[in-house]
1. For LEU97, are the conditions met, namely being within 30 Å of LEU42 (Cα to Cα), surrounded by 19 or more Cβ atoms within 10 Å (Cβ to Cβ) and modelled with pLDDT under 50?
2. Could you list, in sequence order, all residues of the range 425-458 that are farther than 18 Å from LYS333 by Cβ and open to solvent by less than 30 Å² (accessible area, probe 1.4 Å)?
3. Report every pair of residues separated by at least 6 positions or lying on different chains whose Cβ atoms are under 8 Å apart, first residue within the range 59-74 and of a type in the set (Lys, Arg), second buried (at least 16 other Cβ atoms within 10 Å of the Cβ).
4. State the number of residues belonging to the range 418-458 that are assigned to a loop (DSSP other than H, G, I, E, B) and not basic (Lys, Arg).
5. Show the residue pairs meeting these rules: Cβ distance below 6 Å; 6+ apart or different chains; first residue within the range 143-167 and within 16 Å of ligand 2 (Cβ to nearest atom); second residue among the β-branched types (Val, Ile, Thr) and assigned to a strand (DSSP E or B).
6. Enumerate the pairs (first residue in the range 173-185 and open to solvent by 10 Å² or more (accessible area, probe 1.4 Å) and more than 13 Å from ligand 2 (Cβ to nearest atom); second residue anywhere and assigned to a helix (DSSP H, G or I) and acidic (Asp, Glu)) with beta-carbon separation below 8 Å, excluding pairs fewer than 6 apart on the same chain, so at least 6 apart or on different chains.
7. Just the residues that are assigned to a strand (DSSP E or B) and either near ligand 1 (Cβ under 8 Å from one of its atoms) or crowded, with 24+ Cβ neighbours inside 10 Å (or both), please, taken from the range 161-172.
8. Considering only residues of the range 186-200 that are more than 14 Å from ligand 1 (Cβ to nearest atom) and open to solvent by 20 Å² or more (accessible area, probe 1.4 Å), which is nearest to the chain's Cα centre (by Cα)?
Amino acid sequence: MPTSIDDKAWGRVLAALEPSVTRPNYITWLKPTRLVEARDGLVVVAVPNPYAKNWIEKNILKDIRKYLAAEVGPVEQVSLVIAEKEDKRPWGELPLLQNTDEYSATAVPVIENTDAEPGERQFNNHYTFENFIVGNNNRLAFAASQVVAEKPGEAYNPLFLYGGVGLGKTHLMQAIGNEIATRYPKKKIIYTSCEIFTGEFIEALQNKTINAFKRKYRSTDVFLIDDIQFLVNKEGTQEEFFHTFNILHQANRQIVITSDRTPKEITRLEDRLTSRLGWGMVADIQAPNIETRTAILQAKAKEKGMEISHEVLDYVASAITSNVRELEGSLVKLIGTAQSEKAEITKEYAKKVLKDLASSHISNKKVTTKQLLKAVAQHFNLEVSDLLGKKRLQEVVYPRHLVMYLLHKNLNHSFPQIGDELHKDHTTIMHGVRKIEEQLKTNQEIEADLRAIEEVLG
Ligand code: ADP
Ligand code: MG
């Protein structure tokens, strides 16, 4: 009986496995594997990370055994070992994936905004791979994002991430941006949402600066565009996006797209665009299960330096099932309320706070624009007319931006709609909302203002 096999034989095993798994799975999990040792029926295979190990064990170990047997005769045991990152041996085309500790929340690298324009390369420092909790719901999307961040433009292009609201699409997309900015400081990265892209496009048409607009988007190395579903019904912008896509794609520039639907489900998108969106890797993110929700809460509590009992975390995880954003919001609320009331966070206390939260949630109520304006005015000791006026004093500018933000984010009014309501241009609204989004990343007081206003409304 032959006692050893070589890399070529392992290549044949992989080739035999390839047809039975999907292409993304093959590229992500199988292709980066390497044969370490094969002797006396014992085979050791190196895999890049625990996820790969897990996936292979669950899905394909039996087949591996079978095909190995065809190469070397009876195989008694196949061991998968996780390779060290320092290992310099060739891995084939794909780089190593590295996150080994699912729950680690290590220091976040700070990105220097050297030559970036405002709005470019300005990622939320919190949105990193380290801070992202991996569960069965998002494993493939996570792994694919890491691959893309390590070798932009080489593995999956475009990477298309889809999933419901608050499930981590923007987080992953920004993590890709953060990681690329750290690894490749020279690369030009644009992160934008489809709404901002559309707004800038319209602005460029109006101001006759369309060439500058094109130059900007067509010269980027990495193009991250969030919430592509908003392209629906915007023919002109679709056309522009289509050309941008083609030019970047042909030049092997990395494109990452998120959406709340699959490319096919974004109906009323031009066919040629739909097919291109599905060219690379399409990875979904599902709602997390109870274990993952608990793990997320644990990580978030730890980040905030809070000791919260398992009982309470389990309770919150079981009560908030909709999405991660709500889950996180509930925890923040719970901690905040307990601190201001100097209360101990018990399960009973959590129950009470979450119940109040559910009933005061602004998007659960039919809040009108008028009510919102009143609430914001009241919170800042202003008159509604101040909010609608044109004076550019700081005391009114910030509350005005908050109004725009709340109308857009919480009441789902579109930019043009808010423009009509506040008698302003839609680009002004867009900038206002963006301003608050930017400030929210660093300024805790804004979060407090938002919650206080929600309370007034409740
Ligand atoms: P989406 O873009 O899909 O609507 P976001 O990326 O904005 O969702 O996520 C909402 C919030 O939930 C963010 O604060 C994000 O950090 C957090 N979040 C989502 N998924 C995870 C996860 N798996 N681990 C840690 N935080 C997460
Ligand atoms: Mg998002």
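1. Working: within 30 Å of LEU42 (Cα to Cα): yes; surrounded by 19 or more Cβ atoms within 10 Å (Cβ to Cβ): yes; modelled with pLDDT under 50: yes.
So LEU97 passes the test.
2. Once the filter is applied, which keeps residues that are farther than 18 Å from LYS333 by Cβ and open to solvent by less than 30 Å² (accessible area, probe 1.4 Å), the range 425-458 yields THR427, ILE429, MET430, GLY432, VAL433, ILE436.
3. ARG65/VAL75; ARG65/VAL78
4. First, the residues of the range 418-458 that are assigned to a loop (DSSP other than H, G, I, E, B): 423-425, 443, 458.
Those left that are additionally not basic (Lys, Arg): 423, 425, 443, 458.
Residues that pass the stated criteria total 4.
5. That search, which allows pairs on different chains as well, returns LEU159/VAL256; PHE160/ILE257; PHE160/VAL282; LEU161/THR258; GLY163/ILE285; LEU167/ILE285.
6. Pairs that qualify, where the first residue is open to solvent by 10 Å² or more (accessible area, probe 1.4 Å) and more than 13 Å from ligand 2 (Cβ to nearest atom) and the partner is assigned to a helix (DSSP H, G or I) and acidic (Asp, Glu), are GLU179/GLU150; ARG183/GLU150.
7. The first filter runs over the range 161-172 and keeps only residues assigned to a strand (DSSP E or B), leaving 161-163.
Answer for the range 161-172, where residues must be assigned to a strand (DSSP E or B) and either near ligand 1 (Cβ under 8 Å from one of its atoms) or crowded, with 24+ Cβ neighbours inside 10 Å (or both): LEU161, GLY163.
8. Of everything passing the filter in the range 186-200, ILE196 is nearest to the chain's Cα centre (by Cα).
The values are calculated or read from the model by the stated rules, or taken from the named source; none is laboratory data. Note that this is a predicted model, so its numbers are computed, not measured. Cβ atoms come from the backbone with ideal geometry, glycine included; neighbour counts cover every protein chain shown. Accessible surface areas use protein heavy atoms only, side chains included; no ligands, DNA or RNA. Shrake-Rupley method; radii C 1.70, N 1.55, O 1.52, S 1.80 Å.
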